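Computed from the coordinates by the stated procedures, all read-outs in this text should not be read as laboratory data. Keep in mind that what you see is a predicted model, and the values were worked out from it rather than measured. Here the Cβ is made from the backbone with ideal geometry for all residues, glycine too, and neighbour counts use every protein chain on show.
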């Protein structure tokens, strides 16, 4: 499950990065539909129904996104996204870079931390059952 989250987080950040780029460059109407058939991914402009991602990106986005990667923004201009392959995608949940600006937790959550919180919750539920 941790690996699946890290794949989903990678793909989410990649998709949001492409959407931000389209929006910032004022490509299309700004009203987009995200579409995938499981192999290809595309952004469709809702006004003129035009596909906005080039075919080489559309056909590779989900494939490249299946390798958990950590994204960082270039400093100080925050314009370029850098990608590094996640070292161990099975032992910690990686944060989505997309949510960092919202003030949400943006550090890695280890499996030990997850298990500790689960154990505490299970203990709480056990106490509730005793009452």
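Data for the structure
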{"quantity": "Efficiency of FRET from Cβ geometry, residue 4 and residue 73, R₀ 25 Å, rounded to 0.05", "calculated": "0.50"}
{"quantity": "Expected 222 nm ellipticity per residue - DSSP helices of 4 or more, -39500 (n - 2.57), all of the chain, to 500", "calculated": "-12500 deg cm²/dmol"}
{"quantity": "Sorted by Cβ neighbour density within 10 Å, fewest at the top, the residues 104, 5", "calculated": "104, 5"}
{"quantity": "Residues 64, 41 arranged by fewest to most Cβ contacts within 10 Å", "calculated": "64, 41"}
{"quantity": "Length released on extending from residue 113 to residue 64, taking residue separation times 0.36 nm less the Cα-Cα span", "calculated": "14.8 nm"}
{"quantity": "Extension gain from residue 125 to residue 57, taking 0.36 nm per residue of separation minus the Cα-Cα distance", "calculated": "19.7 nm"}
{"quantity": "Length-normalised contact order for region 17-131 - Cα pairs under 8 Å, 6+ apart - percent", "calculated": "12 percent"}
{"quantity": "Rounded tilt (10° steps) of 2-24 against the dominant C-alpha axis of the chain", "calculated": "30 degrees"}
{"quantity": "Angle in degrees between helix 111-130 and the longest Cα principal axis of the chain, rounded to the nearest 10", "calculated": "50 degrees"}
